[in-house]
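Visitor: Here it is, the structure in full.
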Amino acid sequence: PHGPELVAEITPSAATDLHLAEGNPVWTSIKAVEVTLVPT
């Protein structure tokens, strides 16, 4: 609720390694040169 919507494409094995689960909060960081903006 306090930040922008973010979509990240990762592999299923990366999600498992990171212990990601729907509804769990996450912290993200990104490299500016790796960003693609898509209008909504």
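The values are calculated or read from the model by the stated rules, or taken from the named source; none is laboratory data. Given the structure is predicted, the values throughout are model-derived calculations rather than measurements. When the accessible area is computed, the model is the full protein with side chains, heavy atoms only, and any ligands, DNA or RNA have been set aside. Shrake-Rupley method; radii C 1.70, N 1.55, O 1.52, S 1.80 Å.
Visitor: At 1.4 Å probe radius, can you tell me the per residue accessible area of the chain in Å²? The partial results should precede the final answer.
Guide: Working: 4570 Å² over 40 residues.
Accessible area per residue: 114 Å².
Visitor: Which whole-Hz couplings ³J(HN,Hα) result when phi for each residue of region 32-40 is put into the Karplus expression 6.51 cos²θ - 1.76 cosθ + 1.60, θ = phi - 60°, listed in order with x for Gly and Pro?
Guide: Result, ordered by residue: 4, 6, 9, 9, 10, 8, 10, x, 10 Hz.
Visitor: Ignoring ligands, DNA and RNA, what percent of the 1.4 Å accessible area of the chain is carbon and sulfur? Can you show the working numbers first?
Guide: Numbers: 2720 of 4570 Å².
Carbon and sulfur together cover 59 percent of it.
Visitor: While we're looking at this one, here's another question. Please give the length that would be gained between LEU18 and VAL33 if that part of the chain were fully extended, namely 0.36 nm times their separation in residues minus their C-alpha to C-alpha distance (nm, one decimal). Walk me through the intermediate numbers first.
Guide: Working: separation 15, 0.36 × 15 = 5.40 nm, distance 2.31 nm.
Residue separation times 0.36 nm, minus the Cα-Cα distance, leaves 3.1 nm.
Visitor: Let me ask something additional. If every alpha-carbon in the chain counts as one equal scatterer, what log10 I(q)/I(0) does Debye give at q = 0.32 1/Å?
Guide: Cα-only, vacuum Debye calculation for the chain: -1.29.
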